[in-house]
Amino acid sequence: MKRTGCILASALLTVCTAVSAQTLSGSYFLNGSFESNKLNPAMTPERTYFSLPMLGQIGTTAQSNIGLDDFLFNSTSDPNMLTTFMSSEVSSQQFLGALPARSQVGVDMDIEVFTLGFRAFGGFNYFDVSLKSQNHIGIPKSLFEFMKAGLSDGVYDINNVNVNTTNYAELALGHARKITKNLTVGAKVKFLAGMGYVDLNVDEIHAELGDNEWRVRTNASMKAAIVGSKVPVTKNDDGSIDEFRFDDIELTGNSGFGMAMDLGAVYDLDDIVRGLSVSAALTDLGSINWKNTQLFATDKTKELLFQGFGSYDITGDNNVMDDTMDKLQDDFEEMIKVYDMGTSTHKSSLGATARFGAEYEMPFMNWLSAGELISYRLGDWNYFESRTSLNAEPCKWFGFAANLGLSTYGTSLGWIINFHPTAFNFYIGSDALKYTKDLSGTPIGKFNANIVFGINVPVGKRI
């Protein structure tokens, strides 16, 4: 059943390599920013603007509560060799003691193709085209406990293993306007074209030790919709999947369509406390309908006999690494058999994000403010962040902000620098730059890091 377990097996050793690009939370309160409307559609920039194609916003982010150093160890038998957590040289206590209850990586990507913002129809209007990707991996500690168990006595129940990737193109149309002297509201309608979707869920793996082998029942399913095509598969004689031939996919058209909305409001409390404003937004409230979704599932009524996981050693040799991954995949394939269940339609939500903000402009310096932004991502992959920022606009063409964040992935320091003179707008910043690296510069520990920059062209006078 070659490569049937490829997605799950690869996730176990490459879970730490995810990257993303997204709008900086630290830009929320920066007046010169042209990107804060992505966080709250009621935020209006100071001028009409457009982005340079593919340069409006570019960035990368990586977030994880685990690192490569949780899975790779120095060999005690050969100091020039690394070994994996599955080696007999690594004790269960040494490996499992450092793992969280659930290992996870969260990934979002957002690359602007083109953006236009202009004043008309009694308010400010937005038009933008972008490419987006949302990727998540979640693995419970119980799966690693079972992998380390060998053929020791015990009963294991592993629940809630998830691997998901959602990729789509987005066309957004938005409008923001003042309703009263103090209240500004905004909304965006988003039209979505699906480019690729894979959702792997292992609801349960039940394993009981028999006579020198495990008796395993698995309840797992996978949905796949890839750019208007199908993933070619090779089947065994019993009908189970032998191989997913991802390299043979023909990219044609799109995989589905959907819609989403952003809603936001900003209220100026100057009448009560001079310099104070509050805001709230709900973004990415919507879903995509994936057509011709391929369905794969295990037969949860069948028991498979499984000899247990092997011991995997690796070195810097690529061939050895490939052999290690092949062995790991083969072990998963022996434990899990997947069958083709045909095609259907499937709806997936984007995962809406709620934001609540408050900003106070300093009475002694009206170009300096403090802000607090609370963000919470809803849905299957919850994410929480509280970010406190100090924002400065010492002159009309330059601003910067420094901030401190507390999130699902730990604490982080962020910053953003924004140049916005008459002819152009350039910004660069980060919400986090926290990771551990080895001597070669490769991130090996837990990380929460990003870098984002963009170029826009402002037009007309400031308001």
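Below, the figures for the structure above:
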| item | result |
| --- | --- |
| Above-threshold pairs, the threshold being 22 Å between Cα atoms, out of LYS190/LYS347; LYS141/LYS230; LYS38/LYS178 | LYS141/LYS230 |
| Charge-dipole axis of the chain as Lys and Arg at +1 and Asp and Glu at -1 on Cβ define it, positive-most pick from GLN63, SER103, ILE374 | ILE374 |
| Dipole-positive endmost among SER92, LEU282, HIS136 within the chain (Cβ charges, Cα centre) | LEU282 |
| Per residue accessible area in Å² of the chain, where ligands, DNA and RNA are left out and the probe is 1.4 Å | 45 Å² |
| Built amide H within the under 5 Å cut-off of VAL227, gap 5+ | GLY196, TYR197, SER255 |
| Built amide H within the under 5 Å cut-off of GLU243, gap 5+ | THR234 |
| Separation of the LEU305 and TRP415 label points, Cα + 7 Å toward Cβ, nm | 6.3 nm |
| By average C-beta atoms within 10 angstrom, highest first, the peptides 95-104, 161-170 | 161-170, 95-104 |
| Largest-first principal axis extents, alpha carbons of the chain, Å | 77, 48, 39 |
| The stretch 89-111-the stretch 126-204 distance, computed between alpha-carbon centres (Å) | 18 Å |
| Magnitude of the charge dipole, the chain, Cβ model with Lys/Arg +1 and Asp/Glu -1, debye to 20 | 2440 debye |
| The stretch 197-260: trypsin sites (Lys or Arg not before Pro) falling in loop per DSSP and having at most 12 other Cβ within 10 Å | ARG245 |
| Proximal charge balance of LEU96 [Cβ under 11 Å; K/R count +1, D/E count -1] | 0 |
| Relative contact order (%) - the chain, alpha-carbon pairs under 8 angstrom, separation at least six | 19 percent |
| Residue-wise HN-Hα coupling along the stretch 158-175, computed from phi with Karplus coefficients 6.51, -1.76, 1.60 (Hz; x: Gly, Pro) | 10, 10, 6, 9, 9, 9, 9, 9, 10, 10, 7, 9, 10, 10, 10, 10, x, 8 |
| Anchor LYS148: lysines whose Cα lies under 27 Å away (excluding residues fewer than 8 positions away in-chain) | LYS2, LYS300, LYS302, LYS327, LYS337, LYS437, LYS446 |
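The values are calculated or read from the model by the stated rules, or taken from the named source; none is laboratory data. Remember, it's a predicted structure, so these values are computed and weren't measured experimentally. Please note: Cβ atoms are built from the backbone with ideal geometry, for glycine as well, and neighbour counts cover all protein chains shown. We work out accessible area using only protein heavy atoms, side chains counted, and drop any ligands, DNA or RNA first. Shrake-Rupley method; radii C 1.70, N 1.55, O 1.52, S 1.80 Å.
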